[in-house]
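Scroll down for the structure; my scribbles are underneath it.
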Amino acid sequence: MSADHASRRRALRVLLVERELDALLVTDLIDIRYLTGFTGSNAALLVSAADGDDEAHTVICTDGRYLTQVGEQVPDLRSVIARSSATQLILEFGTGSARWGFASDVVTVDERARWDGLDVSVRFVPLTGLVEQLRAVKDEHEIGLLREACAVADRALADLIAAGGLRPGRTEKEVARDLEWRMFEHGADGISFETIVAAGANSAVPHHRPTAAVLADGDFVKLDFGAQIGGYHSDMTRTYVLGRAADWQRELYELVLRAQQAGRDALAPGVDCAAVDAAARSVIAEAGYADLFLHGLGHGVGLEIHEAPGIGASATGTLVAGAAVTVEPGVYFSGRGGVRIEDTLVVRERTPELLTLTDKTLTVV
């Protein structure tokens, strides 16, 4: 199955008509990739709201470095070659009294000022989240890539543990690089983000960056990592104990595991995103550790590692079928250690589909 970019652009046109816009000037490279498949580092895309032949109403502009690439990746659309891509599209097509939307959270103040200085009559309408609204619901092609990315991460972690790579005496940095290399060995195009390996007291830092700290017996070791396949990211966190688990570690781990299951169980179409967070957070609060759960429960994942929908106490909106999200509660005792357990899942009409399959039973290695 391949990506149906034309269908995505048709869905965007519906949103443009609803907002009484004549076109959308897309400058975010992730949105451009979603709508066309183009992966270059400089581009702008003009999507018209007009019905009819897609080729006549969508134009992509990039610079000469990508002349061959744009022809190969976007053969179905008209292309324009110019260094200042957005400006060129405005100059060529910004006629009449058309209303063009643009992502005001992406375009810089300076770029917006340059547009106002152009001799065109088009009116620019600031908006946010239009393409992201579409991206929040994954099609089966996207879910297939997410499933593959998660499988790569699962296999890499299994290899790391089987090879004894998680052991006292190694540094956090050594474990992180080892795990990343194993993801590449299993076919990853890239890593989703800088791998987190946090041992001992460092495991209480939610986004700790690996250091030369040495793993030791009795440590919690938290691993937060992911692989990229076809531009799509996986995201998984597992927490282990080295040598022997103390009673407090077992109790803390089981608490977070219960909270994670409660959050997973709450995933369903139509459920408020804040309610999913509350389902997991209440488990931790009832144990007396509400102030030690320091972040939201999860986030959307896809072409970006963090995208819509957000799942947190102040989140707005409801879940929809096809959304790919993480569920990742954590409890962190500063100076002592912490636990986070995270999965990537797809919201389905019945039971959510679990994509990260590594076992979550407390494991002592």
Which helices (runs of 4 or more DSSP H) sit wholly inside the stretch 1-75 and have at least 1 residues that are over 21 Å from the mean Cα position of the chain (by Cα) and either of a type in the set (A, V, I, L, M) or on the phi > 0 side of the Ramachandran plot (or both)? 5-18, 54-57, 67-73
Can you list the helices (runs of 4 or more DSSP H) lying wholly within the stretch 90-185 that have 3 or more residues being more than 21 Å from the chain's Cα centre (by Cα)? 109-116, 140-162, 172-185
Could we say that Thr344 is touching a residue at least 60 places away in the same chain (Cβ under 8 Å) and either in contact with a His (Cβ under 8 Å, 6 or more places away or on another chain) or not assigned by TED's automatic domain parsing to the domain that holds Ala156 (or both) here? no
Is it the case, given these coordinates, that Ile32 is under 25 Å from Asp119 (Cα atoms) and either touching a Phe, Trp or Tyr at 6+ places or on another chain (Cβ under 9 Å) or β-branched (Val, Ile, Thr) (or both)? no
Between Arg99, Arg170, which is in the same structural domain as Leu223 (by TED's automatic domain parsing) and touching a residue at least 40 places away in the same chain (Cβ under 8 Å)? Arg170
Could you say which residue among Ala50, Ala43 is surrounded by 11 or more Cβ atoms within 10 Å (Cβ to Cβ), aliphatic (A, V, I, L, M) and modelled with pLDDT under 95? Ala50
Here is a list: Ala198, Ala213. Which entry is under 30 Å from Ala246 (Cβ atoms), in the same structural domain as Thr316 (by TED's automatic domain parsing) and surrounded by 19 or more Cβ atoms within 10 Å (Cβ to Cβ)? Ala198
How many residues are over 24 Å from Leu67 (Cα atoms) and either among the β-branched types (Val, Ile, Thr) or touching a residue at least 60 places away in the same chain (Cβ under 8 Å) (or both) if we restrict to the stretch 77-96? 1
Evaluation of Ser79 against (1) farther than 22 Å from Val137 by Cα; (2) not in a strand (DSSP E or B) (one fails), failing number: (2)
Looking only at the stretch 145-157, decide whether some residue is under 21 Å from Ala49 (Cβ atoms) and either touching a residue at least 40 places away in the same chain (Cβ under 8 Å) or not assigned by TED's automatic domain parsing to the domain that holds Thr27 (or both). no
When you check Ala315 against the structure, is it outside any loop (DSSP other than H, G, I, E, B), modelled with pLDDT of 95 or more and of a type in the set (Gly, Ala, Ser), yes or no? no
The residue that is surrounded by the fewest Cβ atoms within 10 Å (Cβ to Cβ), considering only those in the stretch 287-328 that are polar (S, T, N, Q) and in contact with a strand residue (DSSP E or B) (Cβ under 7 Å, 6 or more places away or on another chain), is Thr318
Please identify the pairs in which a residue from the stretch 4-19 that is over 12 Å from Leu130 (Cα atoms) has its Cβ atom under 9 Å from the Cβ atom of a residue that is in a helix (DSSP H, G or I) and modelled with pLDDT under 95, counting only partners at least 6 apart or on another chain. Ala6/Asp54; Arg10/Asp54
Selection within the stretch 81-97 - of a type in the set (Val, Ile, Thr) and surrounded by fewer than 17 Cβ atoms within 10 Å (Cβ to Cβ): Ile81, Thr95
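The values are calculated or read from the model by the stated rules, or taken from the named source; none is laboratory data. All values reported here derive from a predicted model rather than from experimental measurement. Virtual Cβ from ideal backbone geometry, glycine too; neighbours counted across all protein chains shown.
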